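A quick write-up on the structure given underneath.
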Amino acid sequence: MSSTHAAAPTAPARGETKRGEVIVDQVSCDFSGTRVLHETDLTVEAGEFFTLLGPSGSGKTTLLRIIAGLIDFTSGRIAIDGADVTKLPTQQRDIGFVFQNYALFPHLTVAQNIAFGLKIRKVRGQQLIKRVDEILELTELGALKDRHPAQLSGGQQQRVALGRALAQRPRVLLLDEPLGALDRRLRQDLGSEIRRIQQESETTAIYVTHDQEEAYILSDRMGVMEAGYIRQVGAPREVYSAPNSGFVANFLGETN
Ligand code: ADP
């Protein structure tokens, strides 16, 4: 198991430029006349593990889905690596998702589930086999590659979902409560594993949770949300040691 401490993103290898900087610029979102995000600004750095933390209903999922291109919003702009993607459909944003209930294909094996998105993108032959093998190794699922989802534990299924999301080398990985359905012990193990895989694949991650402990352990930085506002952004240690409001202090003090 790799370290879970919140290290700064590592330097790019061999002159590669790190990919996956996300800028949220003055984004507002209304549902049926009710504002659920208020002129939100946020910069997530390339290669960073960034957590959106906050109570239920604070706007975390809405913000994540706006970054994904899954929701029409009222005003503002989303940029990835300096390019405005506000009007780009999801498929053209070069992002991967892992959601709590984002089901695997039950009739396909682990390897076939991982290969699925690659095949759609016309990856074939040796190149397909090589990439699926790389992902099986990264997610440590090699021994389970011929099983079907029903033959896997919840944690193993989420590893397959993670592998499937990473197979196409997305610039940004969006995770919405991916561990929500699992028990506490498994959440800790799989959380550290997600962090290791994110670092090894050098993918920017934006992770939604209401669990303070998860945010503290996993994040390079986190943003604490309340009622459609990001109240504070910083490294977990900074936010915990110097909460900037009564809300942040109280929320971080709560136990799950
Ligand atoms: P969180 O992820 O922090 O739990 P959400 O982003 O899901 O919060 O929700 C933010 C607010 O927007 C909540 O008040 C929720 O009820 C509302 N909301 C979310 N999705 C919709 C929708 N499709 N239609 C109407 N209201 C919505």
Based on Cβ point charges of +1 for Lys and Arg and -1 for Asp and Glu, what charge dipole magnitude is obtained for the stretch 86-161 about its Cα centre, in debye rounded to the nearest 20? 380
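For a test of the definition: using alpha carbon positions, the gyration tensor, and the 1.5 limit on a/c, classify the stretch 152-230 as rounded, prolate or oblate.
On the way: a/c = 1.77, a/b = 1.20, b/c = 1.47.
Oblate, because a/c is 1.5 or more while a/b does not exceed b/c.
What is the magnitude of the charge dipole of the chain about its Cα centre, with +1 placed on the Cβ of each Lys and Arg, -1 on the Cβ of each Asp and Glu, and no other charges, expressed in debye to the nearest 20?
Values: 29 positive and 31 negative charges, 191 e Å.
Taking the Cα centre of the chain as origin, the dipole is about 920 debye.
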Net charge over other residues, Cβ less than 15 angstrom from the Cβ of TYR216 (K, R count +1; D, E count -1): -1
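So what's the net charge close to GLY54: Lys and Arg +1, Asp and Glu -1, counting the other residues with Cβ under 9 Å from its Cβ? Please report the intermediate quantities before stating the final value.
Numbers: positive: LYS60, ARG231; negative: GLU226.
Local charge sum for GLY54: +1.
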Reach of LYS119 by Cα under 27 Å, taken over lysines that are not fewer than 8 positions away in the same chain: LYS18, LYS87, LYS130, LYS145
Order of PHE97, PHE105 under a 10 Å beta carbon neighbour criterion, fewest first: PHE105, PHE97
At R0 = 25 Å the Cβ-Cβ FRET efficiency linking GLU45 and SER192, nearest 0.05, sits at 0.70
Roughly how many Å is it from the Cα centre of the stretch 208-256 to that of the stretch 79-109, as a whole number? 26
Please state the charge dipole magnitude for the stretch 175-256, taken about the Cα centre, from unit charges on C-beta atoms (+1 on K and R, -1 on D and E), reported in debye and rounded to the nearest 20. 180
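Since every read-out is calculated from the coordinates, none of them should be taken as a lab result. What you see is a predicted model, and the numbers here were worked out from it, not measured in a lab. We place every Cβ from the backbone using ideal geometry, glycine too, and count neighbours over all the protein chains shown.
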